[in-house]
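Read the structure below first, then the notes.
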Amino acid sequence: HTLASQGEIYTDVNVPARGEYLLRISARADLAGDELPKMTLAVDGQQKHVFEVGNDDQVAVFDHKLQLEAGKRRVALAFINDFYDPDNANPKRRDRNLHVARLQVTGPLGGGREHLPENHLRLVKYVPNDKLSWAEAAKQNLSPIASRAFRRPATDEELQRLVQVVELAKEHGDSFETGMQLGLQAVLVSPYFLFKVEASPDPSAGPEAVRKLNDFELAARLSYFLWSTLPDEELFQLAAKNQLRTGDNLERQVRRMLADPRSQALVENFAGQWLTLRNLDGVQPSSRLFRLWNAQLRAAMRKETELFVGEVMRQDLSVLRLLDADFTFVDEQLAKLYGLEGVRGPEFRKVSLAGTPRGGILTQGSILTVTSNPTRTSAVKRGKWIMENLLNESPPPPPPGVPELVVEDRRNVVATVREQMEKHRADPNCKSCHLVMDSLGFALENYDAIGAYREKEGPFPIDASGVLPTGEKITGAVELRQLLLSSKREQYVDCLAEKMLTYALGRGLEYYDQCAIAEITSQLKNDDYRFSTLIVEVVRSYPFQHQGVKRSE
């Protein structure tokens, strides 16, 4: 900061405890006239000291110790003797200015630790004294910090490098706390903190090279799977004792972690990935056609699905209930969209869907909206979503040269979207792919582009029927759910297991992962498809507990 005329700069400092503090100012000046530039130091408006700044080439350090009271203190530096002589023969001596490079407050000095914030005392437990050197104190402080950050015990070599960073502060005359700040910064920029490092097998060993994760790596993989953060102390201690896989410890940890509020990260991140909730922010239904649509409704839709998936997880319900549960969570705005009575206010509450045309994720506004166009429903998008996200089938891309379906302005409906789709898929090039997608998608046609239930599109009644290539007939969302839970049940469970394992591993699955999927789904079937069984079996699976190079076909 440059003060070219008389003026002041200040900063507010949170003083943790009453005591003596060192104020260190780095500054230089432009010299002019008969006086040296004068800089005053004030705290809360009271002048404490006046410095004369006589250096004009390099920044110099000015120290001052004083007593400060706990709380927010305003520390100000002022330039009080401005001078300007435009006629001076030496242009470098015409204008007197002050340049402040840095202001640092350190303390309390010589004790007062009992008044320091809890976070400070937890990170800096040891300070240098007659019996403890800087290096020893720094190492004892940094060892648990680095080990927690790296998700494994820090090595002696790593700690030595961190201690050397701390000692840089001592060499420059700074405080031990400043050195610890530097050491902590070094930990936080380390690749072992920024990345979840797992050592890979030697690729030269060939395509069969695999390595079993050690307990620290397994604890980290488990924690990021269920909590999206680093392991807690209980996990870390089990890993340190090499007991994470002992007896039923692993299963007990999974169930403990699912019951912990931090498991909300699994709900939000997995649901966002599997159910494509992340796409909800990118859709913009026409507010002219859908008057209830706004940003609050968008947020309510996402929250409904997250609360719903979270309920299935925390109550350890069958994963089949994701498709046909007769309950959901709504606030007043979402209840209005769904036509549910008796819901008032912005608070979400669990409500029964008995006697309504809704049930499970397929009739939730979030799913119906992300699979629609801005002005109309899309049987193609909805059918494709069901195939990819519930049945793990990917329809082939459309053949080249096929024109996109153009649907008329929905304000003046002269034919339903289905009728126009029938014309489009009359083309032999389109029919084969659309037969499956459209039959699944049209089963949801009673729900408009933001999920409101309807029986007509304009003046025309909705036709929600379809016939699959297998000859199975479905009409409406209820029969679609029944289809998914009967003849398509195994396909749905396989798909969910693959989606969960993909999320847990953070990579796409390969052909050699199918044995693990088969084992997971077998155990799911034997345990009534409980959600916790899905998670436990994913964690027990060979891919989750091993690291290996990608094998070739």
Next item on the list: For an R0 of 45 angstrom, estimate the FRET efficiency from the Cβ-Cβ distance between Q185 and K525 and round to the nearest 0.05.
Entry: 0.30
Note to self: Tell me which of Y503, G451, V467 sits at the most positive position along the dipole axis of the stretch 445-553, charges placed on C-beta atoms (Lys, Arg +1; Asp, Glu -1).
What the structure shows: Y503
Next item on the list: Have a look at the stretch 1-110 and give its Rg and Dmax from the Cα atoms, expressed in angstrom.
Entry: 15.2, 52
Note to self: Quick check on packing: order 487-493, 499-505 by the mean number of other C-beta atoms within 10 Å, highest mean leading.
What the structure shows: 499-505, 487-493
Check: Which lysines have a Cα less than 18 Å from the Cα of K72, not counting those fewer than 8 places away in the same chain?
Finding: K48
Checklist line | Percent breakdown of C-alpha pair distances by 10 Å bin, ordered from the shortest bin, for the chain | finding: 3, 13, 17, 16, 14, 13, 11, 8, 3, 0, 0
Next item on the list: Note down the net charge around K92, summing +1 for each Lys or Arg and -1 for each Asp or Glu among other residues with Cβ under 10 Å from its Cβ.
Entry: -1
Note to self: For the stretch 15-102, what does the relative contact order come out to in percent, with C-alpha contacts under 8 Å and a separation of six or more?
What the structure shows: 44 percent
Margin query: Tell me the carbon and sulfur percent of the accessible area for the chain, rounded to whole percent, probe radius 1.4 Å.
Written below: 49 percent
Notebook entry, point to check: If each of Y192 and W134 carries a label point 7 Å out from its Cα toward its Cβ, how far apart are those two points in nm?
Noted result: 2.3 nm
Item checked: Computed accessible area, K525, all protein chains, 1.4 angstrom probe, square angstrom -> 120 Å²
Next item on the list: Specify the angular offset, from 0 to 90 degrees and rounded to the nearest 10, of the alpha carbon long axis of helix 156-171 from the longest principal axis of the alpha carbons in the chain.
Entry: 40 degrees
Check: Between R454 and S486, what length comes free when the chain is fully extended (0.36 nm per residue of separation minus the Cα-Cα distance, one decimal in nm)?
Finding: 8.9 nm
Note to self: I want to check the label-to-label distance for L509 and T155. Put each point 7 Å from Cα in the C-beta direction and report it in nm to one decimal.
What the structure shows: 3.7 nm
Margin query: Taking the 0 to 90 degree range and rounding to the nearest ten, how far is the long axis of helix 295-314 tilted relative to the main principal axis of the chain, both from C-alpha atoms?
Written below: 80 degrees
Checklist line | Degrees separating the helix 531-540 axis from the principal Cα axis of the chain, which is the longest one | finding: 60 degrees
Margin query: With a cap of 11 neighbouring Cβ atoms within 10 Å, and only residues DSSP puts in a loop, list the chymotrypsin sites (Phe, Trp or Tyr not before Pro) found in the stretch 123-205.
Written below: F195
Notebook entry, point to check: So, with +1 on the Cβ of K and R and -1 on the Cβ of D and E, and no other charges, what is the size of the charge dipole of the chain about its Cα centre, to the nearest 20 debye?
Noted result: 840 debye
Note to self: Per residue, how large is the accessible surface of the chain? Use a 1.4 angstrom probe and give square angstrom.
What the structure shows: 50 Å²
Margin query: If I model a spin label at S352 and N294 as a point 7 Å from the Cα along the Cα→Cβ vector, what separation in nanometres do I get?
Written below: 3.2 nm
Margin query: Sort 314-326, 47-59, 339-351 by packing, meaning the average of other beta carbons within 10 Å per residue, with the highest value first.
Written below: 314-326, 47-59, 339-351
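The values are calculated or read from the model by the stated rules, or taken from the named source; none is laboratory data. Being a predicted model, the structure only gives us computed values, none of them experimental. Please note: Cβ atoms are built from the backbone with ideal geometry, for glycine as well, and neighbour counts cover all protein chains shown. Calculation scope for accessible area: heavy atoms of the full protein, side chains included, ligands and nucleic acids excluded. Shrake-Rupley method; radii C 1.70, N 1.55, O 1.52, S 1.80 Å.
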